[in-house]
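> This is the structure, below, for whatever I ask next.
The values are calculated or read from the model by the stated rules, or taken from the named source; none is laboratory data. On a predicted model such as this, the values are computed, not experimentally measured, just so you know. Here the Cβ is made from the backbone with ideal geometry for all residues, glycine too, and neighbour counts use every protein chain on show.
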Amino acid sequence: MSANLSAVFYLISGVLFILALRGLSSPETSRQGNLFGIIGMVIAISVTFLSVGNFSTGFLYVLIFLIIGGAIGSFIAFKIPMTAMPELVAGFHSLVGLAAVLVAVSAFINPEAFNLGTPGNIKLASLIEMSIGAAVGAITFSGSIIAFLKLQGIMSGAPITFRGQHLLNALILISIVVLTYLLCASQSSSLFWILIGVSFLIGFLLIIPIGGADMPVVISMLNSYSGWAAAGIGFTLENTALIITGALVGSSGAILSYIMCKGMNRSFFNVILGGFGATEQSTSNKDKEQRPVKSGNADDAAFLMKNASSVIIVPGYGMAVAQAQHALREMVDTLKKNDIKVSYAIHPVAGRMPGHMNVLLAEANVPYDEVFELEEINNDFANADVAFVIGANDVTNPVAKTDPQSPIYGMPVLDVEKCKSVLFVKRSLSPGYAGIDNDLFYKENTLMLFADAKKMTEDITKNL
Amino acid sequence: MIMEIDPFIFRLSIFILSIFVGYYVVWSVTPSLHTPLMSVTNAISSVIIVGAIIAALAKYGDSVFSTSSLFGYFAISLAAINIFGGFLVTHRMLAMYKKKKKEK
């Protein structure tokens, strides 16, 4: 296949990838979008086979390795529980990063195969692109591994900080630039290996100081990195499909990071520097401990809801931890039978990754047109009779609007307190991720339901 | 006189324009589909498998396996995990998004 023809096909698959993302603008078109993505991938892979044109034994091995990977991937995709999506995505990012490193290494060892010159005499531009691809790929790999371990709970979510951390990171980042420069000047393979090693190290060091609560930002950020790594390799291979995809994924991850940061009211820089949650714990907890709260049982809750005409559910990650989403949907079904209007309010950082809560509700057969984002539903709280907060905490804290001293001041929150009455399902009065007390617990119209989320929801359903 | 333009500049143009396309396309993605967005971007960024295939099939001496092709084969498997896993898990998620049933 001629180089021009294959370039046209790569362009087509790049366009199909754009359409794949475009499809996600609404759930109706999303499945078609995914199909476009698959077609684009099939075209890209087939064209590569045809343009290499080497159907010898090697081709057979390629198919074998492809099938092995495909089987593992499919197995994981079918087995993974929806609550574990953040871990899965982090794990997948690490694979993209590692693949980028491997391709860069292979191009460095055997540049003739990629038409980049000969070993020891690689074209300067290619060498720079290769180094960028390898370095970003390595950072993505080790960073994603740490994110995966933290999300999976193998590694503690607490930020790991030490003195001189920022200085060390800055020095390593500078050394990456210097190494790239030296590598271009000398073409030395040992420098290339050192560059990759140092990049692995910095990926690791960049993510360990970031706390568990900030993981939604970290995942989005690594998503972006994996895109830039792909684009770097795309330049090396002079492949349009890879360049287009890299740019798409890179900007997609960057936008998601921005949205997540905004949802948590943190600056991107602040998240990257890390250490949140380690220092601010002890500030505001002391004087508020003894305030009275009203607590109730499933009977009271059922009574309140039965007499309501509209109920808004505010789910948080705690609901997923308690596996209460199906019980919740059953409760809502019963409410709807009694002609009570029910909707769901989702805060941007309700799950552990962007959009996570929507997936969990969809899995529990909640129709997506009953689920609303913060801006869409926030005005409705004032007209609703009951807000049912289950597994959420910080995202409902009115302190974010009233107390400029609070660490979460300015964070967008759901105006739950404007409801006629608030039912708050929680196991205890302990503070949430941000480590601060929730004023909502002590409001006149709040009824605390101290129980496991799943059990409480089931009990309420029985009493309805 | 017609000046030669370095092909790099063409690729750079594609890259920059794609960033803008990505920017606008991603902002139009509904927030409720942000998780599928991440899994599908994961799958498509594994188009890096193209590079892995070239590396694996490159002629390098007589044997099928050389150092550089081994890296390629390994990268093929990694990318394939992502491609199959990414598209399938996206499909699984999207299949769950349902509209309200018409009542009565």
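> Kindly list the number of the only condition in (1) away from chain B (no Cβ under 11 Å); (2) buried (at least 24 other Cβ atoms within 10 Å of the Cβ) that fails for A:R163.
(2)
> Scan the stretch A:45-72 for residues that are loosely packed, with under 13 Cβ neighbours inside 10 Å and within 7 Å of chain B (Cβ to nearest Cβ) and jot them down.
Passing the criteria: only A:T57.
> One residue is enough: does the stretch A:182-195 have a residue meeting the conditions within 25 Å of the chain's Cα centre (by Cα), surrounded by 21 or more Cβ atoms within 10 Å (Cβ to Cβ) and assigned to a helix (DSSP H, G or I)?
Scanning the stretch A:182-195 turns up no residue that is within 25 Å of the chain's Cα centre (by Cα), surrounded by 21 or more Cβ atoms within 10 Å (Cβ to Cβ) and assigned to a helix (DSSP H, G or I).
> Considering only residues that are within 27 Å of A:M260 (Cβ to Cβ) and within 9 Å of chain B (Cβ to nearest Cβ), which ones fall in the stretch A:73-90?
Across the stretch A:73-90, the qualifying residues are A:G73, A:I76, A:A77, A:I80, A:M82, A:M85, A:P86, A:L88, A:V89.
> Could you list, in sequence order, all residues of the stretch A:333-372 that are facing another protein chain (nearest Cβ under 8 Å) and surrounded by fewer than 18 Cβ atoms within 10 Å (Cβ to Cβ)?
Hits for the stretch A:333-372 are A:N365, A:P367, A:D369, A:E370.
> In addition: Can you give me the number of residues within the stretch A:81-93 that are crowded, with 17+ Cβ neighbours inside 10 Å and farther than 24 Å from A:G137 by Cβ?
2
> Moving on to the next point. Go through the stretch A:250-325 and tell me which helices (runs of 4 or more DSSP H), entirely inside it, have 1 or more residues that are modelled with pLDDT under 85 and farther than 22 Å from A:N393 by Cβ.
A:268-273
> With respect to A:D299, determine if the residue is acidic (D, E) and either under 17 Å from A:M85 (Cβ atoms) or crowded, with 17+ Cβ neighbours inside 10 Å (or both).
no
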